[in-house]
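The structure under discussion appears below in the form of structure tokens.
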Amino acid sequence: MINGKRVAVVMPAYNAAKTLENTVRELPDIVDFKILVDDFSSDKTVRLARELGLSVFQHGQNYGYGRNQQTCYREALTAGADIVVMVHPDYQYTPLLVSAMASMIAYNVYDVVLGSRILGGGALKGGMPVYKYVANRALTAFQNFFTGAKLSEYHSGYRGYSREVLMSLPLLENSDDFVFDNEILAQCIYFGNRIGEVSCPTKYFDDASSVNFSRSVKYGFAVLATTLKCRLQQLGLAHYRLFSPAGRKLMLDYHALSSAGSDTGDQKRVRALS
């Protein structure tokens, strides 16, 4: 808890058994809820997560990174979190920054905080492939130009959100794929949420998750489309449910098909929601 605000860390997981323990061990003591949502992994992610004392939620099939995040945020808000920080369980981003990111929201400085790999110039030193770095810089410049924002990058998976932001955005209009991250940032910009950044060291290694080249290309084109939609909506030239105040939002009163366990460790088992 920080400044009377309850903090949740959510971890969208898929075959993260090799790196999960290192990630969890570095989470700071201020975290009130530690939640992992497993997107139908084939390894020992779920068993290990329970052994580590996490609240575990499972999808009944592989729905994708975006849908995983929807479940993460829904469960964190249902648990009573005021601040939700997403930490990838692949240990690519240091969990040690959770306190700093959550504090910026808890003290009402920002509504959204990003852990930026670009600030501080450590991306390439941390092993980011050159083509990803170049694409990151090019896409970020494109997005800043069209949205009017001034972010150092839009593509970090290390993010913190206030409860109010997650409740108000039409997140159920977003993609189930990797572009979900970019869509939620575009929504934050469109709806005027205050976005801050902290410099975050990153590391690329064999066991860290990574999107391959073909999916990176697909993601890049999806980012361009999202940005243009945002700009057209800003200009009043088009209207998309992605940026509509009436768009579908997270619902916290859904019914779990099955649940079991206690408040710590071996918790609920929840399938994906349509």
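The values are calculated or read from the model by the stated rules, or taken from the named source; none is laboratory data. These numbers were taken from a predicted model, which means no experiment stands behind them. Backbone-built Cβ (ideal geometry, glycine too); neighbour counts: all protein chains shown. Heads up: the accessible areas ignore ligands, DNA and RNA and are worked out on the full protein's heavy atoms, side chains in. Shrake-Rupley method; radii C 1.70, N 1.55, O 1.52, S 1.80 Å.
Given Cβ point charges of +1 (Lys, Arg) and -1 (Asp, Glu) and nothing else, what value in debye, to the nearest 20, does the dipole of region 1-101 about its Cα centre take? Mind dumping the intermediate values first?
Values: 10 positive and 11 negative charges, 24 e Å.
I would put it at about 120 debye.
Over region 61-124, what is the relative contact order in whole percent, taking alpha-carbon pairs under 8 Å and six or more residues apart?
19
Using a 1.4 angstrom probe on heavy atoms only, work out the carbon and sulfur share of the accessible area of the chain in %.
Reported share for carbon and sulfur atoms: 55 percent.
Give the peptides 187-193, 215-221 in descending order of average Cβ contacts within 10 Å, highest first.
187-193, 215-221
Semi-axes of region 1-159's equivalent ellipsoid from the Cα gyration tensor, sqrt of 5 times each eigenvalue, largest first, rounded to whole Å?
Semi-axis lengths for region 1-159 are 26, 20, 15 Å.
For region 158-204, state which trypsin sites (Lys or Arg not before Pro) are in a DSSP loop and have at most 16 other beta carbons lying within 10 Å of their beta carbon.
Counting only loop positions with at most 16 other Cβ atoms within 10 Å, the trypsin sites (Lys or Arg not before Pro) in region 158-204 are ARG194, LYS203.
What percent do you get for the relative contact order of region 11-113 when only Cα pairs under 8 Å and 6+ apart count?
35
Along the principal axes of its C-alpha atoms, what lengths does the chain span, in descending order and rounded to whole Å?
The Cα atoms of the chain stretch 50, 43, 39 Å along their principal axes.
Where a Cα-Cα gap under 21 Å defines reach, which lysines qualify for LYS229, not counting those fewer than 8 residues away within the same chain?
Counting by Cα, and skipping residues close in sequence, LYS229 has these lysines nearby: LYS150, LYS218, LYS249.
Pick out, in residue order, every one of the trypsin sites (Lys or Arg not before Pro) in region 60-131 that is DSSP loop and has at most 13 other C-beta atoms within 10 Å; say none if there are none.
LYS125
In Å², and per residue, what accessible area does the chain have when probed at 1.4 Å with the other protein chains present?
44
Placing +1 at every Lys and Arg Cβ and -1 at every Asp and Glu Cβ, with all other atoms neutral, what dipole size does region 172-218 have around its Cα centre, in debye to the nearest 20?
So the dipole magnitude of region 172-218 works out to roughly 180 debye.
Might you work out the accessible area of VAL98 for me, using a 1.4 Å probe with all protein chains in place, and round it to the nearest 10 Å²?
Roughly 0 Å² of VAL98 is accessible to a 1.4 Å probe.
Relative contact order, percent, of the chain when contacts are C-alpha pairs under 8 Å separated by at least 6 residues?
Details: 552 pairs, mean separation 69.5, N = 274.
Relative contact order of the chain: 25 percent.
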